[in-house]
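The values are calculated or read from the model by the stated rules, or taken from the named source; none is laboratory data. The structure displayed is predicted, hence computed values, not measured ones. All Cβ positions, even for glycine, are placed from backbone atoms using ideal geometry, and neighbour counts span all protein chains on display.
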Amino acid sequence: MATNIKSASKAPLWVHPVIRTIDLVGEWSGKFFSWLVIPMSFAIAYEVISRHFFHRPTMWVYDFTWMLYGAHFMLGAAYTLYRKGHIRTDMLYVKWSLRTQKWVDVIGYLVFFFPGMALFFIACLDRAILAWSIREVSNLTPWRPAIFPIITAMPVSISLLMLQGVSEFVKCVYTLIRGIDYES
């Protein structure tokens, strides 16, 4: 498929700073939260060494690693959207014209993404508020760590994901109006 993709140099003045700012937030958050892998890796290494060489398993590593992995996974969603890494049916999508692709994206954002994320945000925010109000702890291990901060990662990650969705939506609308793909 040959498409004529040009630069976005003729975009309205407000488009570039808004999209660039949102994309910078998505990129920055992804790079920032990727560092959660480091303490998680050290904790797992500590557990392996402690368990296998000293026969002293820990009580806390299981909780610590699932909390960090959950935060890492959720908080990286906006970055994944920014990098176009979320799953899509590429075997169909790539065969469509640029205009058809963007129409499918616009409809998908309006019908599924934004309403779904809004409902998910409301549910997760309510859950986070409850967790903070009761100072919720985990019941999975005897260590019983506080989990209300990690539950807060859910509405934060949805906020970042919705913000990045706004940028992607504006890029799609720009392409439909101008007939050229937006390249940030």
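Some points to look at:
- Some residue of the range 108-128 being touching a strand residue (DSSP E or B) at 6+ places or on another chain (Cβ under 9 Å), surrounded by 12 or more Cβ atoms within 10 Å (Cβ to Cβ), touching a residue at least 24 places away in the same chain (Cβ under 8 Å) and of a type in the set (Gly, Ala, Ser): no
- Scanning the range 12-59 for residues that are assigned to a helix (DSSP H, G or I), more than 30 Å from Tyr174 (Cα to Cα) and charged (D, E, K, R) yields a count of 2.
- For the range 80-101, a residue qualifies if it is over 18 Å from the mean Cα position of the chain (by Cα), under 27 Å from Lys31 (Cα atoms) and not polar (S, T, N, Q), and exactly one does: Asp90.
- Taking the criterion of being of a type in the set (A, V, I, L, M, F, W, C), in a helix (DSSP H, G or I), surrounded by fewer than 20 Cβ atoms within 10 Å (Cβ to Cβ) and in contact (Cβ under 8 Å) with a residue 60 or more places away in the chain, the only residue of the range 67-102 that qualifies is Leu98.
- Of all the listed residues (Glu168, Glu183), the sole one being outside any helix (DSSP H, G or I), of a type in the set (Asp, Glu) and more than 30 Å from Pro57 (Cα to Cα) is Glu183.
- Among the conditions (1) touching a strand residue (DSSP E or B) at 6+ places or on another chain (Cβ under 9 Å); (2) modelled with pLDDT of 95 or more, Arg144 misses just one, which is (2).
- Some residue of the range 56-69 being farther than 25 Å from Phe148 by Cβ and at pLDDT below 95: yes
Yes/no per residue for (1) part of a helix (DSSP H, G or I); (2) under 18 Å from Ala71 (Cβ atoms); (3) out of contact with any Asp or Glu (no Cβ under 9 Å at 6 or more places or on another chain):
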site	(1), (2), (3)
Val111	yes, no, yes
Ala118	yes, no, yes
Leu130	yes, no, no
Pro149	yes, yes, yes
Leu161	yes, yes, yes
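- Residue tally, condition touching a residue at least 60 places away in the same chain (Cβ under 8 Å) and over 25 Å from the mean Cα position of the chain (by Cα), over the range 48-65: 2
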